[in-house]
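The values are calculated or read from the model by the stated rules, or taken from the named source; none is laboratory data. The shown structure was predicted, so the numbers you read here are calculated from the model rather than taken from an experiment. Backbone-built Cβ (ideal geometry, glycine too); neighbour counts: all protein chains shown. Just so you know, the surface numbers come from the protein's heavy atoms only, side chains and all, with ligands and any DNA or RNA stripped out. Shrake-Rupley method; radii C 1.70, N 1.55, O 1.52, S 1.80 Å.
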Amino acid sequence: MSLNQGIDIIIPIYNAFDDLTKCIESILRHTNLSQNGLILINDASPDERIASYLDSLSAENITVIHNKKNLGFSGNINKGIELSNRDVLLLNSDTLVTVNWLEKIQFCAYSDPSIGTVTPLSNNATLCSVPVFCHENSLPEGFSLDDYAALIENVSLRKYPLLPVANGFCMFIKRCVIEDIGLFDSETFGRGYGEENDFCYRAEQAGYRHVMCDDTYIYHSGTGSFVSDEKRKYLEAHERILDKRFPAQMQAVRVHCRDNPNRDIFKNINLAVALENGRKNILYLVQADFRDDGMDNVGGTQLHVKDLCRGLCNEFNIFVAARNSNYLNLTVYIDSNEFFFQFYIGDPNGFPQFRNAEFKELYGKILDGFCIDLVHIHHTLDLSLELFYQAKKRRIPIVFTFHDYYYVCPTIKLLNHNNQFCTDICTESICKDCLKKREGIYPDIDFLKIWRREHLQVLEMADLLITPSNSAKKILGHYFPSLESKIQVIEHGSNPFPVTASGKVTKVSFSSFHVAFVGGISDAKGSYCASQLVKNSPHTIKWHLFGIYGHNDLSVIERANFIKTGKYSREELPELLNKYKIDLICILPIWPETFCYTISEAILYGIPVIATDIGALGERIRKMDCGWLVPYTATYKEVLDIINRIKDRGEEYQAKKRNALSATIRTVEEMCNDYRYLYQVADTSGKDIKLSQKAYKEFSKDYLFGSGKGNSRDPILQRLNDTEQRLWNIEHSSTYRITQVLMRIGIPFKKQLKALLFRIYKAIH
């Protein structure tokens, strides 16, 4: 037999008149019966309507048989198989077939000579049940049967994954399998319940494989969840027989049910359904992922993107691409659902790369694969600048947020190798010396000129540039004056977290004055000054470090008045502030931070701050009058003088505290409102959303199956089955969404075109 031969569809029938008529109607509508045959076997149904209905169907290539006595499921199947001399497809009478079902199943069967049986996807087919594996499912809300079948066909990569056993509700069998192993064991399994398992196990032992046709969906109404006592006895008895005959293969089925090795099929369909919601697709790019399993998941940029995702994922489909060690994580946030993918991208290059062919291809495929409507780039450290170019090429709107000064200088914080603020002391020779020591750049290269040229070029591609503070906008305007008119200030938002059931912070008086450093205290964050403060302060000042330290002195200081609590989450901070009765928070960076979440956190809980007068800190503290400012070059003595002056909590301290308590901190929701409006009004009408099937197939081959440029670069991935299963499904939604666009266009010949494509496909193979 071959791909061009017809198939005989065998339907065993016993009562269930309504199901039968619907099943036959779907077959007549979606099956070429001039090439394929239909064998209808009435197994002595008591319902008199069955016989007359079947007789009315009798025609060329439709064979109707009425059994005088009931043969049971297996006997009926065998009778049909013996009437045929070609490949057969066993089909329950309580099924509904869909467009091109038989052609797709046959194509799957002949994609490999070792395939013996094929089972399509269904709502109720155990190992082939979608969207929930091994469950009886309903159609997704808002989808008709034809819609859902079309979605599954169009998102499928035709992976045809292995199964340990077929499912008899819709089971294609090659004639050569029957010739090699014989018929179903009707003597042992006359009433059914295990006959297909027995047949499949014998076929497997004869060298044949069983596969899932993952681009075809057949509806199966089934028998419901109720199992009668009689049926349960048959199931248990037949399972014991199968365990005795085929112990290893029965165990393989149990392992398959436990591990669901084809879970990528189901995840992909769930994602495709979730994406078909009419929302815009927004892609964020971040230098490090905020996921809990991310290598570097704590930082102002990550917190900001996390807040945006949480605040906007009910209105937009949010895609977050972020480096995580030598992978690019891609997480899709849709309502409360998350879909996760990873792509191997290797370790960061030793020197900055502006352009990179591999990132170019990967970004392009992500943009096309998910029909991204808007790109919001937050950081490109170790990620190249290719996303700007790929989005611009497709006329996708680009928003960019400055979270630091990386685009001005690779030092990021505008601090030279001596931890001095560059703007005040930088000269050409100092700059070259700094870049040599910090980045390994040869001094004869005018590197900073090249750096700013390349970054200015991509920033000019952006439709909108954002900073979280006016001070950051001013600094960036100094270096890039041509961009200043494109920069918009959108302040970050912060929400309070409850401390007690009532959500209120309880304060009591203490003889000691409690001062806290919050977050990662590195050199740039003023760790040297902090260590000197702790070493040289009186014991009546109690110091607390909530977070991690990046300075050796802080790590080795052991004093009764210095408490180090270690790493914490945002949600835990109010409890720490309350537990240790913090009176003051010290924020002493020596670089101009673009925002500073720590100020927001302090004010949310009514705690005054003392901070260096640089960047957003000076701007925000002056505006709220909620603390004290010192020069960013201040010594510890200048800071300690202020603390000694206010540690009795007198009127000066109380005034700042009142201001802190009354100050208004912008909420995350208020921030999200700005971005909500921004994303909604962005014009995406000009972007090129065309995607060829060739591009679709190349992506699936190269990035998802590891046969090309994607995960095959890393041999470790060959052993990471779970990760590998997450990789391949990213592109699926592409074809689905593009097809939906085409289907909305009134093309009267689309059915004929589809049939022609199948005929061409079959002829080629």
Options T594, T598: the member that is in a helix (DSSP H, G or I) and in contact with a Gly (Cβ under 8 Å, 6 or more places away or on another chain): T598
Selected residue (criterion: farthest from the chain's Cα centre (by Cα)) from residues of the stretch 11-25 that are over 15 Å from V97 (Cα atoms) and open to solvent by less than 50 Å² (accessible area, probe 1.4 Å): N15
Candidate set from the stretch 255-302 (those that are more than 30 Å from L163 (Cα to Cα) and β-branched (V, I, T)); member that is surrounded by the fewest Cβ atoms within 10 Å (Cβ to Cβ): V298
Of the criteria (1) in contact with a strand residue (DSSP E or B) (Cβ under 6 Å, 6 or more places away or on another chain); (2) part of a helix (DSSP H, G or I), which one I563 fails: (2)
Per-region count, the stretch 576-586, residues open to solvent by 10 Å² or more (accessible area, probe 1.4 Å) and in contact (Cβ under 8 Å) with a residue 12 or more places away in the chain: 5
Residue match in the stretch 567-575 (condition: open to solvent by less than 50 Å² (accessible area, probe 1.4 Å), at pLDDT below 95 and in contact with a strand residue (DSSP E or B) (Cβ under 8 Å, 6 or more places away or on another chain)): yes
Every residue from the stretch 429-471 that is crowded, with 20+ Cβ neighbours inside 10 Å and within 32 Å of the chain's Cα centre (by Cα): H455, V458, L459, A462, L465, I466, T467, P468, S469
Qualifying residues in the stretch 511-560 (those that are in a loop (DSSP other than H, G, I, E, B) and in contact with an Asp or Glu (Cβ under 8 Å, 6 or more places away or on another chain)) - the one surrounded by the most Cβ atoms within 10 Å (Cβ to Cβ): H551
Residue in the stretch 450-457 that is modelled with pLDDT under 95 and under 20 Å from P592 (Cβ atoms) present: yes
Residue that is assigned to a strand (DSSP E or B) and either over 26 Å from P538 (Cα atoms) or in contact with a Ser or Thr (Cβ under 8 Å, 6 or more places away or on another chain) (or both), where the choices are L617, L629, L640: L629
Filter result (out of contact with any Ser or Thr (no Cβ under 8 Å at 6 or more places or on another chain), open to solvent by less than 30 Å² (accessible area, probe 1.4 Å) and over 20 Å from D18 (Cα atoms)) within the stretch 78-99: G80, I81, S84, D87, V88, L89
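Residues are listed down the side, and each one gets a yes or a no for (1) farther than 20 Å from D648 by Cα; (2) in contact with a Phe, Trp or Tyr (Cβ under 8 Å, 6 or more places away or on another chain):
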site	(1), (2)
S569	yes, no
Y580	no, no
I585	no, yes
P589	yes, yes
C596	yes, no
L604	yes, no
I607	no, no
E619	yes, no
Hits in the stretch 633-646 - residues which are open to solvent by 50 Å² or more (accessible area, probe 1.4 Å) and in contact with a Pro (Cβ under 9 Å, 6 or more places away or on another chain): E638, N644
Tabulated pairs, the stretch 165-192, first open to solvent by less than 20 Å² (accessible area, probe 1.4 Å), second hydroxyl-bearing (S, T, Y) and assigned to a loop (DSSP other than H, G, I, E, B), C-beta under 7 angstrom, 6+ apart or interchain: V177/Y208
Residue count, the stretch 305-325 (criterion: assigned to a helix (DSSP H, G or I) and either under 19 Å from G369 (Cα atoms) or charged (D, E, K, R) (or both)): 3
Selected residue (criterion: farthest from S221 (Cα to Cα)) from residues of the stretch 26-71 that are under 50 Å from the mean Cα position of the chain (by Cα) and of a type in the set (G, A, S): S34
Residue satisfying all of: in the stretch 311-339; touching a helix residue (DSSP H, G or I) at 6+ places or on another chain (Cβ under 6 Å) and open to solvent by 10 Å² or more (accessible area, probe 1.4 Å); nearest to S494 (Cα to Cα) among these: G311
Of all residues making up the stretch 205-223, the number that are surrounded by 20 or more Cβ atoms within 10 Å (Cβ to Cβ), more than 16 Å from I11 (Cβ to Cβ) and in contact with a strand residue (DSSP E or B) (Cβ under 7 Å, 6 or more places away or on another chain): 8
Among the candidates L127, L89, L102, L151, residue that is part of a strand (DSSP E or B) and either in contact with a His (Cβ under 7 Å, 6 or more places away or on another chain) or hydrophobic (A, V, I, L, M, F, W, C) (or both): L89
Residue list for the stretch 183-202, restricted to those being part of a loop (DSSP other than H, G, I, E, B) and of a type in the set (F, W, Y): F184, F189, Y193
Hey, E619 open to solvent by 10 Å² or more (accessible area, probe 1.4 Å), closer than 22 Å to T401 by Cβ, out of contact with any Asp or Glu (no Cβ under 6 Å at 6 or more places or on another chain) and at pLDDT 95 or above or not: yes
Matching option when the condition is among the small types (G, A, S) and at pLDDT 95 or above, among S111, S74, S58: S111
Cβ pairs under 6 Å, 6+ apart, first in the stretch 55-80 and under 25 Å from S34 (Cβ atoms), second hydroxyl-bearing (S, T, Y): V64/S58
Residue pairs meeting the criteria (Cβ under 7 Å; at least 6 apart or on separate chains; first on the phi > 0 side of the Ramachandran plot, in the stretch 15-43; second part of a helix (DSSP H, G or I) and among the aliphatic types (A, V, I, L, M)): N15/I50
Filter result for the condition that a residue is open to solvent by less than 20 Å² (accessible area, probe 1.4 Å), at pLDDT below 90 and of a type outside the set (A, V, I, L, M), over C409, C426: C409
Boolean, G222 is in a loop (DSSP other than H, G, I, E, B) and within 30 Å of Y679 (Cβ to Cβ): no
Flag if N76 is touching an Asp or Glu at 6+ places or on another chain (Cβ under 7 Å), over 18 Å from D215 (Cβ atoms) and part of a helix (DSSP H, G or I): yes
Boolean, K22 is assigned to a helix (DSSP H, G or I) and within 26 Å of Y208 (Cα to Cα): no
Set S114, S122: member being open to solvent by 10 Å² or more (accessible area, probe 1.4 Å), more than 16 Å from I24 (Cβ to Cβ) and of a type in the set (S, T, Y): S114
